[in-house]
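Below is one structure, written out as C-alpha cells, with a few remarks after it.
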Amino acid sequence: RDLRETPGDTGQTAQVTRTLKRGGTINGRIVGLSAEELGRCMVRGGGTGDKPKPDGSFILHGVRPGAVEVSASVFPPGRQRSVRTELKDIGVPVSVEIDFTTGLTVRGTVRRAARPAAGLTVSAGGRGDRVSGSAVTDADGAYEISGLDPGELEVRVVDEVGRTLAAQAVQARG
C-alpha cells in the first residue's frame, strides 16, 4: 500500500512506500501426481491459492492465521486431497505435504434408477485433521478415492449443482 506523507512546515512532499503483510505463508509439496496431473492441479487454503510447479512445490501467501485446510484438486477428473495445519504466527512459514499415494482406498459404483451415474462427485472425509479426498464418477459410475486415513469416514455423493444425493458413514480399516 502506498502512503503519501507531507511534512508540516517545509512544504516538501516525500513519498513513502510501506508493504503491509496481510497473512502468513504455507510452503508445500504435492507427491504422487504425474507432471501432466500437476499441470491440471490447483492448491487452495486460508483464502488464497497457487498452481504447483512441475516438481510439485507450491507457496500460499497471505494465509489467514489459525486452523487452515490446504486442498489440492486435479481437474478433471476431480481427484482431491486435503490436509489440515495451523498457522500460529504470520512471520513463521508452515510446511505441508499433500500425498496422493498413501493411505486407504475407497472405491465403489454410483447408480441412479439402476443405471450407472457418470459425472457425480463422490467425497470421503473424516473428522479433525484426517485426510479427505474426492473423485468424479466415470461412464460406468465407478469412483476411487485413495490416500484416506483409517477410521470412520462419511462418503457423500453430490450432483452437478451441489445437491447431496446420498451420504453414508463407512468404517475404513487398514
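The values are calculated or read from the model by the stated rules, or taken from the named source; none is laboratory data. Keep in mind that what you see is a predicted model, and the values were worked out from it rather than measured. Neighbour counts run over all protein chains shown; Cβ positions are idealised from the backbone, glycine included. Accessible surface areas use protein heavy atoms only, side chains included; no ligands, DNA or RNA. Shrake-Rupley method; radii C 1.70, N 1.55, O 1.52, S 1.80 Å.
Across region 93-117, the qualifying residues are those that are closer than 29 Å to Leu38 by Cβ, more than 19 Å from the chain's Cα centre (by Cα) and open to solvent by 80 Å² or more (accessible area, probe 1.4 Å), and the one among them that is modelled with the highest pLDDT is Thr109.
Taking first residues from region 82-93 that are touching a residue at least 24 places away in the same chain (Cβ under 8 Å) and farther than 11 Å from Val63 by Cα and partners that are open to solvent by 80 Å² or more (accessible area, probe 1.4 Å) and assigned to a loop (DSSP other than H, G, I, E, B), the Cβ contacts under 7 Å between residues at least 6 apart in sequence or on separate chains come to Arg84/Asp129. Is it true that some residue in region 65-73 is more than 19 Å from Leu33 (Cα to Cα), under 15 Å from the mean Cα position of the chain (by Cα) and touching a residue at least 40 places away in the same chain (Cβ under 8 Å)? Among the residues of region 65-73, at least one is more than 19 Å from Leu33 (Cα to Cα), under 15 Å from the mean Cα position of the chain (by Cα) and touching a residue at least 40 places away in the same chain (Cβ under 8 Å), which makes the answer yes.
Condition check: open to solvent by less than 40 Å² (accessible area, probe 1.4 Å) and in contact (Cβ under 8 Å) with a residue 12 or more places away in the chain. Does Val170 satisfy that?
Numbers: open to solvent by less than 40 Å² (accessible area, probe 1.4 Å): no; in contact (Cβ under 8 Å) with a residue 12 or more places away in the chain: yes.
Considered against the rule, which asks whether it is open to solvent by less than 40 Å² (accessible area, probe 1.4 Å) and in contact (Cβ under 8 Å) with a residue 12 or more places away in the chain, Val170 comes out as no.
Residue by residue through region 133-161, note down the ones that are open to solvent by less than 20 Å² (accessible area, probe 1.4 Å), within 18 Å of the chain's Cα centre (by Cα) and among the polar types (S, T, N, Q). The answer is Ser134, and nothing else.
Determine whether Gly128 is exposed (fewer than 15 other Cβ atoms within 10 Å of the Cβ), modelled with pLDDT under 90 and not acidic (Asp, Glu). For Gly128, the condition - exposed (fewer than 15 other Cβ atoms within 10 Å of the Cβ), modelled with pLDDT under 90 and not acidic (Asp, Glu) - is met.
State yes or no: is Arg40 at negative phi and either surrounded by 21 or more Cβ atoms within 10 Å (Cβ to Cβ) or under 10 Å from the mean Cα position of the chain (by Cα) (or both)? Even if it seems obvious, please write down each step before you answer.
Numbers: at negative phi: yes; either surrounded by 21 or more Cβ atoms within 10 Å (Cβ to Cβ) or under 10 Å from the mean Cα position of the chain (by Cα) (or both): no.
Spelling it out, it is not the case that Arg40 is at negative phi and either surrounded by 21 or more Cβ atoms within 10 Å (Cβ to Cβ) or under 10 Å from the mean Cα position of the chain (by Cα) (or both).
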